[in-house]
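Take a look at the structure below.
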Amino acid sequence: MGIQSADDAAIDTELYRVYRDLNSPDAEHFGPEAFGYPTEMVPRELWAEAIRAYMADPNYIKSVAPKTAARIRAAVNANPHLAPIIQFNAGGVPFGIPAPPDAGGSSHPVRPGEVI
């Protein structure tokens, strides 16, 4: 299943809502067309912004666009090239609860703007 195969009206509405929230929250109707994207590129831009939103704030997209979040999870988690790098979860650890010391990962703290 590819994420661009969606022509579901509910997901389309969610995609436009996420796009508007991220790019022009005061506008009633706003999409990539306002930035001059050609019609054939609009779906890709909508999905790109939804994925960006998911990576930046998973709780936001799960609450505002749950069907879109589920579609992204299904596509990314099933992709053998992406799944080892990116993991989108339906639940997750509640905000503010630290991982146990033996959870793995780097002992080097990442600072804002630092490339690792």
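The values are calculated or read from the model by the stated rules, or taken from the named source; none is laboratory data. What you see is a predicted model, and the numbers here were worked out from it, not measured in a lab. Cβ: placed from backbone, ideal geometry, glycine included. Neighbour counts: every protein chain shown.
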- Item | Close pairs from region 76-90: first aromatic (F, W, Y), partner surrounded by 10 or more Cβ atoms within 10 Å (Cβ to Cβ), Cβ under 8 Å, at least 6 apart | F88/Y54; F88/P58; F88/A69; F88/I72; F88/R73; F88/V76; F88/N77
- Query: Got a number for residues in region 11-44 being at pLDDT 90 or above and under 13 Å from V64 (Cβ atoms)?
  - Reply: 11
- Name the pairs whose Cβ atoms lie under 8 Å apart, with the first residue in region 53-64 and closer than 13 Å to I86 by Cα, the second part of a loop (DSSP other than H, G, I, E, B) and among the β-branched types (V, I, T), and 6 or more positions between them or separate chains? M55/I86
